[in-house]
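Below is one structure, written out as structure tokens, with a few remarks after it.
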Amino acid sequence: FFFSSSRLFFAGMASNSSKQARTARRVGIVGYGKLGQYLSARILEQAELELAFVWNRSSKAFDEAPEAIKAVVLQNLDDFARMQT
């Protein structure tokens, strides 16, 4: 999904069976502007979603970010491909 300056990447979803609990869908956000901040906050509120990473061109964008966001900041967007495994 693409949202103006932010892009959502679905990094994967897995479920073992309908009887077992589903694992959270992992979501990464590229762009931590107003939309990226909003989406990050909403994803953190959803039990069925896991915020896998947030990336922004400028690390200054994360200066005032909550600790839950700072914990998943991706320094180099090229590292996203390695997260797929």
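The values are calculated or read from the model by the stated rules, or taken from the named source; none is laboratory data. Predicted, not measured: the structure shown is a model, and the values here were computed from it. Counting neighbours? That spans all protein chains shown, and the Cβs are built from the backbone with ideal geometry, glycine included. Surface areas here come from the heavy atoms of the whole protein model, side chains and all, with no ligands, DNA or RNA. Shrake-Rupley method; radii C 1.70, N 1.55, O 1.52, S 1.80 Å.
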When you look at ARG25, is it over 24 Å from ARG82 (Cα atoms) and open to solvent by 30 Å² or more (accessible area, probe 1.4 Å), yes or no?
-> no
Apart from one, (1) touching a residue at least 12 places away in the same chain (Cβ under 8 Å); (2) surrounded by 11 or more Cβ atoms within 10 Å (Cβ to Cβ) all hold for LYS70; the odd one out is (1)
Per the filter on region 48-85, residues among the hydroxyl-bearing types (Ser, Thr, Tyr) and in a helix (DSSP H, G or I) are SER59
Can you tell me which residue within region 32-56, out of those that are among the charged types (D, E, K, R) and free of Cβ contacts under 8 Å to residues at least 12 places away in the same chain, is most open to solvent (accessible area, probe 1.4 Å)?
-> LYS34
